[in-house]
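What follows is a single structure, written as structure tokens, with notes after it.
The values are calculated or read from the model by the stated rules, or taken from the named source; none is laboratory data. From a predicted model like this one, the values you see are computed outputs, not experimental measurements. As a convention, Cβ positions derive from the backbone with ideal geometry for all residues, glycine included, and neighbour counts pool all protein chains shown. Just the protein is used for accessible areas: all its heavy atoms, side chains included, with ligands, DNA and RNA removed. Shrake-Rupley method; radii C 1.70, N 1.55, O 1.52, S 1.80 Å.
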Amino acid sequence: MNTLQILHLASITATTFLLLLFVISVLHKLSDVTRFSGYVMNYDLLPEAWIKPVTYLLISIEIMISLGLMIPAFNTIAMSIAILLSYAIAMLINIRRGNTQIECGCGGPVMYLSYDLVLRNSLLVLIAIPALFSPVTNINMLDTFIAVSCGALLFLMFTIAEKLLANSHHSHHLNR
């Protein structure tokens, strides 16, 4: 196996991970659009009149990213990186303002804004980078299956890490 094939497999792993991340995120947001709209409002970055339209825009962007990750011809890796960085910047602005009692609205366990979440989003961007630059090469079905499985396993590990991070945050807030 050559370097280009390994990069392609890393891309498949990253794409699978991102697909699962965005699908879960979209489902969470669609399960209660009003609640997600409240998260958008709590960030206090937009005029009130823009909250609903931006809420639906963010959900639409995440749906487009999810669909694009499923269909290789519509590669939405750059878009996924842009939205992850945008969320990190919005978190960072509020942390710098001292507004840390805002639920992130990310779709996982309840977590309030912290530098940990900014770091998490930065790491998600790093996971996505191989998929941004990967050439398509010939790989066999077994290697593809293994790469997809690795992406699913990476997502499972991410989910566990998020639960641990949320528990750590909750215990920190309880001990105050």
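Straightening the chain between residue 50 and residue 164 buys 37.6 nm, computed as 0.36 nm per residue apart minus the Cα-Cα spacing. Taking all protein chains together and rolling a 1.4 Å probe, residue 35 ends up with roughly 100 Å² accessible. Rounded to the nearest 10 degrees, the inclination of helix 141-174 to the longest alpha-carbon principal axis of the chain is 20 degrees.
Here each label is just a point 7 Å from Cα along the line to Cβ, and for residue 156 and residue 30 those points are 2.5 nm apart. Could you tell me the relative contact order of the chain? Use alpha-carbon pairs under 8 Å, at least six residues apart, and round to a whole percent. Rounded, it is 37 percent for the chain. Can you tell me, using C-alpha contacts under 8 Å and at least 6 residues apart, the relative contact order of region 6-104 as a whole percent? Once divided by the residue count of region 6-104, the mean separation gives 32 percent. To the nearest ten degrees, helix 33-42 and the longest principal axis of the Cα atoms of the chain are 70 degrees apart. The C-alpha atoms of the chain occupy a region whose extents along the principal axes are 52, 38, 27 Å, arranged from largest to smallest. Taking the C-alpha atoms only, the angle from helix 3-31 to the longest principal axis of the chain is near 30 degrees. Using the rule -39500 (n - 2.57) for each DSSP H run of four or more residues, divided by the residues of the chain, the 222 nm mean residue ellipticity is -26500 deg cm²/dmol. Rounded to the nearest 0.05, what FRET efficiency do residue 149 and residue 4 have when you use their Cβ-Cβ distance and R0 = 25 Å? Taking R0 as 25 Å, the efficiency between residue 149 and residue 4 is 0.75.
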